[in-house]
Amino acid sequence: MNRKMRMGMVGGGIGAFIGAVHRMAAGLDNEIELVCGAFSSDPERSRQSGEMLYLPASRVYPDYRTMILEELKLPEGERMDFISIVTPNHVHFGPAKMALEHGFHVVLDKPMTLNLQEAVDLKEVIEKSGLLFCLTHNYTGYPMVKQARDMIAEGKLGKIRKIVVEYPQGWLNVLLEATGQKQAEWRTDPARSGAAGCIGDIGTHAFNMAEYMTGLKVTEVCADLTTFVEGRKLEDDANLLLRFENGAKGVLHSSQISVGEENNFNIRVYGEVGGLWWHQMEPNTLEYTRPGEPKLMLRTGVGISAASSQNTRLPAGHPEGYIEAFANVYRNFAKTLRSRLKGETPDPSYLDFPGVESGLRGMKFIDTVIRSNQSTEKWTKFV
């Protein structure tokens, strides 16, 4: 199969933020090409967006339903192979379900759905379809995140005791949504974002990272959510205590009112014989500490694990960042899809992208946090 994987996109048109990021990431490794799209709920804006992206007018659609049905009419050698959904949360379930039921693989931005029931229902659709599903928890794509995961799995830290994960931002420290700012508007609207604000938008990234890096599952949550900005409908700050399946304890802090913070996502993991620290704003470095020994600064591209090397593109000392990490998720998905279409077994290393289980756990996490915040009990079980 000597061609690129063909991608259709829902959302991500003029005025959107994350759609452009997805397109850059998808195209970085020359594995994927954008062939069609329904880029906005406004047909005219979708048309203008397609024109801006130099797509033929016949492959730019007024809505996702039309796109899926019209693409299905095209010969297999022309139609899209998969659909990338980059809409606000309330428009995740519909296009994903319809695409899968019509034979198209799906890449979906996080969180998986508007609510937990939709996630449960979508999992059933995915399993029934037998098609590929990828959830873009892009931070798992960083080389040094994979290095940390491999070191923990190899026992370099011993039994894990404590996990501290933080994701503070400051961009919503005022009622930005009242100014008409599009990104703030939908993220703070329960009808479009879901029951959670900050915890759904960035807290799910922190939760996913803690489980992905350590391989441990959260079993209980003690949550304290706050809406600091007067007039806001959803929480803008979250402070959580976590219990993990091996007895480890955790702290998760996510905030969008931490003035001066950009995307200060970081994680620290402490075991019986070692500790690790990774900071998203300095992604090429992983700190490794051991009792009584000098701190080691591990760097991308220098003596790292096989999985970390495979997800590194540039020579040591050249910065790799957000787009490259995002691209690793798309590349692994595309390589797996290529193998599937050729009737081959994919290389196991390319199966390293978040899937439906990550998506469902993310929605269960949101549900558990909301229940914990409303409960008078100290701990709420993760179910």
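Couple of notes before you dig in:
- Residues of the range 274-286 classified as within 22 Å of Glu262 (Cβ to Cβ) and assigned to a loop (DSSP other than H, G, I, E, B), total: 5
- Residue that is surrounded by the most Cβ atoms within 10 Å (Cβ to Cβ), among those in the range 197-220 that are among the charged types (D, E, K, R) and not in a helix (DSSP H, G or I): Glu220
- Pairing each residue of the range 167-196 that is crowded, with 16+ Cβ neighbours inside 10 Å with any residue that is in a helix (DSSP H, G or I) and among the polar types (S, T, N, Q), provided the two are 6+ apart or on different chains, yields C-beta distances under 6 Å for Arg187/Ser193; Ser193/Asn89; Gly194/Asn89.
- Taking (1) over 23 Å from the mean Cα position of the chain (by Cα); (2) modelled with pLDDT of 95 or more; (3) of a type in the set (D, E, K, R) in turn, Lys335 satisfies each apart from (1).
- Scanning the range 337-357 for residues being surrounded by fewer than 22 Cβ atoms within 10 Å (Cβ to Cβ) and assigned to a helix (DSSP H, G or I) gives a total of 10.
- Under the condition of being among the aliphatic types (A, V, I, L, M) and touching a strand residue (DSSP E or B) at 6+ places or on another chain (Cβ under 7 Å), the residues counted in the range 117-154 number 9.
- Candidate set: the range 245-296, residues that are within 20 Å of Asn138 (Cβ to Cβ) and of a type in the set (Asp, Glu); chosen: the one surrounded by the fewest Cβ atoms within 10 Å (Cβ to Cβ): Glu262
- Failed item, numbered, when Arg161 is tested on (1) in contact with a Phe, Trp or Tyr (Cβ under 6 Å, 6 or more places away or on another chain); (2) over 28 Å from Glu262 (Cα atoms); (3) surrounded by 19 or more Cβ atoms within 10 Å (Cβ to Cβ): (3)
- Matching residues in the range 34-50 - criterion: being closer than 19 Å to His22 by Cβ and either in contact with a strand residue (DSSP E or B) (Cβ under 8 Å, 6 or more places away or on another chain) or surrounded by fewer than 13 Cβ atoms within 10 Å (Cβ to Cβ) (or both): Leu34, Val35, Cys36, Gly37, Ala38, Phe39, Ser46, Ser49, Gly50
- In the range 85-102, the count of residues that are of a type in the set (S, T, N, Q), more than 14 Å from Ala38 (Cα to Cα) and either at pLDDT below 95 or buried (at least 21 other Cβ atoms within 10 Å of the Cβ) (or both) is one or more.
- Residues of the range 107-155 that are out of contact with any Leu (no Cβ under 6 Å at 6 or more places or on another chain), in contact (Cβ under 8 Å) with a residue 12 or more places away in the chain and either small (Gly, Ala, Ser) or on the phi > 0 side of the Ramachandran plot (or both): Gly141, Ala153.
- Residues in the range 287-320 that are acidic (Asp, Glu), closer than 23 Å to Gly275 by Cα and either under 27 Å from the mean Cα position of the chain (by Cα) or not in a loop (DSSP other than H, G, I, E, B) (or both): Glu287 alone.
- Ser258 being among the polar types (S, T, N, Q), outside any loop (DSSP other than H, G, I, E, B), out of contact with any Ser or Thr (no Cβ under 8 Å at 6 or more places or on another chain) and at pLDDT 95 or above: no
The values are calculated or read from the model by the stated rules, or taken from the named source; none is laboratory data. Keep in mind that this is a model prediction, so the values were computed, not measured. Counting neighbours? That spans all protein chains shown, and the Cβs are built from the backbone with ideal geometry, glycine included.
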